[in-house]
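Comments concern the structure below.
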Amino acid sequence: MSNSITIKKKINSFNKKIEVSGDKSLSIRWILFSSLANGKSESKNLLKSEDVLAAINAIKKLGIKSEFKKDKCIIYGRGIDGYKYKKNITINAKNSGTLGRLILGLLINAENKIKIIGDKSLSKRDFKRVTKPLEKFGASFKLKNKKFLPLEIQGSKFLKPISYFEKKGSAQCKSSIIFAGLRANGTTFIKAKKSRNHTEILCRYLNLPIKLKSKKKYDYIEIKKAKKIKPLNYNIPSDISSSAFFIVLTLLSKNSQMTIKNVNINPSRTGVIDILNMMGSKITFSNIKKYKGEKIADIKIKSVNNFKSINCPTNLNSSAIDEFLIIFLIAARAKGISKFKDLSELNHKESPRLDWGAKILNSMGVKTIKTNNSIQIFGNPNLNIKKKIIIKNYLKDHRVFMTSVIAALTFGGKWKIYDKDSINSSFPNFLKLIKNLNENN
């Protein structure tokens, strides 16, 4: 079976209601919290992607049982100190930075060495940014070239709290320290640049010893040792990062509209909506409700004929960091030059995404000026591609694949996009949803 996809024509107009897969960030966090809970936790709409299944396998290695029953996943937690640290445990985080980094915070009391490995892409990502603060709690680490996977962690029984300043806006680093703080004696203090806050919301919902103070640029978090975590039954809302591809598909398609149901619109994740609305979209929310601390809504989108260029405010970067590739496609259709700054973090993702954003646009015939942390995109409202475009060798980054598919369906041309199995890490039914849109019109 071929691992590439060929797209030769644009998508037809559509008017659809869809539901995308469960939120990946929440799926992995639900698994980790439930593994520490006292008793049985159940979830519905858990994302069944490779990253999430890797998290299930990780807790299994630590002696935690789980099972899938119809549309439910059940985890049988053994309490905050319930992990079994056998000798020679290896945990494979696959492609998941969320799993690879967050679980380290939970393993800092491991009495035997534990090895963490990942796929080729994850093995090129910086783990020192997490292990450095975790060492201060009392754990010790061995990393490949002092920075990369595979790594070994050796925990400690004598964990002391730390003060930590998270400067990069990395929710993964912040969450890992929060998890470690739940194991350490005393109070851990965190000052963190704004980033997604699902871990804090879940801590608060579970009545864990956490104090939160939000200022304009930073969040201030205090966390103490947890004695007990109650079971967490959770109906996982749809993922806004996955929804973003269908939002942009609708915006760029002719005479189309879409409603995406039951999406997590946590304000630390909705930068993509703010940016797209600043560029001339009219994306709206309906049926807004609060669910266990998270904000959820249906998202309504209609096609747009004229987009405006943007000088993107950098304070929206962290709440849109996973969506910039797809935002760049709107900039390609906008009138004028769009500017995006302070995006060096994009090149620390599954692939160097800022570089790949420029490559995709250039192959489409869109002029860009790129530095190592910024990009200017010279939009062309009349862009209509006629040539052949090939996308390959991008470290199997699922977002590069999906962005290329949306570009092919909306700008024309003949595209051959390799490594379609890259979507299995985050959004396995992406192509199925696209196919349904195309078929039923």
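The values are calculated or read from the model by the stated rules, or taken from the named source; none is laboratory data. From a predicted model like this one, the values you see are computed outputs, not experimental measurements. All Cβ positions, glycine included, derive from the backbone under ideal geometry; neighbour counts span all protein chains shown.
For the range 367-382, name all the residues that are exposed (fewer than 15 other Cβ atoms within 10 Å of the Cβ) and among the hydrophobic types (A, V, I, L, M, F, W, C). Across the range 367-382, the qualifying residue is only I369. For the structure I just gave you, tell me whether N145 is without any contact (Cβ under 8 Å) to a residue 60 or more places away in the chain and under 25 Å from S96 (Cβ atoms). Here the answer is yes, as N145 does meet what is asked.
Let's see how each residue does on (1) touching a Cys at 6+ places or on another chain (Cβ under 6 Å); (2) among the β-branched types (V, I, T); (3) in contact (Cβ under 8 Å) with a residue 24 or more places away in the chain:
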site	(1), (2), (3)
N207	no, no, no
I210	yes, yes, yes
K216	no, no, no
I221	no, yes, yes
K224	no, no, yes
K228	no, no, yes
P231	no, no, yes
P237	no, no, yes
A244	no, no, yes
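Counting just the residues of the range 30-54 that are within 14 Å of G77 (Cβ to Cβ) and charged (D, E, K, R), which one comes out surrounded by the fewest Cβ atoms within 10 Å (Cβ to Cβ)?
If we filter the range 30-54 for residues that are within 14 Å of G77 (Cβ to Cβ), which is where we start, we get 30-43.
Retained after the next criterion (residues that are charged (D, E, K, R)): 40, 42.
Numbers: K40: 13, E42: 17.
Here the residue is K40.
Filtered by the rule that a residue be in contact with a strand residue (DSSP E or B) (Cβ under 9 Å, 6 or more places away or on another chain) and of a type in the set (K, R), the range 243-296 gives K261, K282, K289, K290, K292, K295.
Just checking, does the range 273-280 include any residue being closer than 22 Å to T403 by Cβ and not in a helix (DSSP H, G or I)? Within the range 273-280, one or more residues are closer than 22 Å to T403 by Cβ and not in a helix (DSSP H, G or I).
The residues of the range 322-341 that are at pLDDT 95 or above and not hydrophobic (A, V, I, L, M, F, W, C), listed by number, are E323, R333, K335, G336, S338, K339, K341.
Kindly indicate whether any position in the range 305-319 is at pLDDT 95 or above, in a strand (DSSP E or B), assigned by TED's automatic domain parsing to the domain that holds N384 and of a type in the set (V, I, T). Scanning the range 305-319 turns up no residue that is at pLDDT 95 or above, in a strand (DSSP E or B), assigned by TED's automatic domain parsing to the domain that holds N384 and of a type in the set (V, I, T). Whether any residue in the range 350-365 is in a strand (DSSP E or B), among the basic types (K, R) and within 26 Å of S2 (Cβ to Cβ) is what I want to check. Within the range 350-365, none of the residues are in a strand (DSSP E or B), among the basic types (K, R) and within 26 Å of S2 (Cβ to Cβ).
The strands (runs of 3 or more DSSP E) falling completely within the range 1-99 that include 2 or more residues that are among the polar types (S, T, N, Q) map to 4-7, 38-44, 89-92. Contact map, the range 374-396: residues that are among the aromatic types (F, W, Y) paired with residues that are modelled with pLDDT under 95, Cβ distance under 7 Å, separation 6+ or inter-chain. Pairs shown: Y394/S351.
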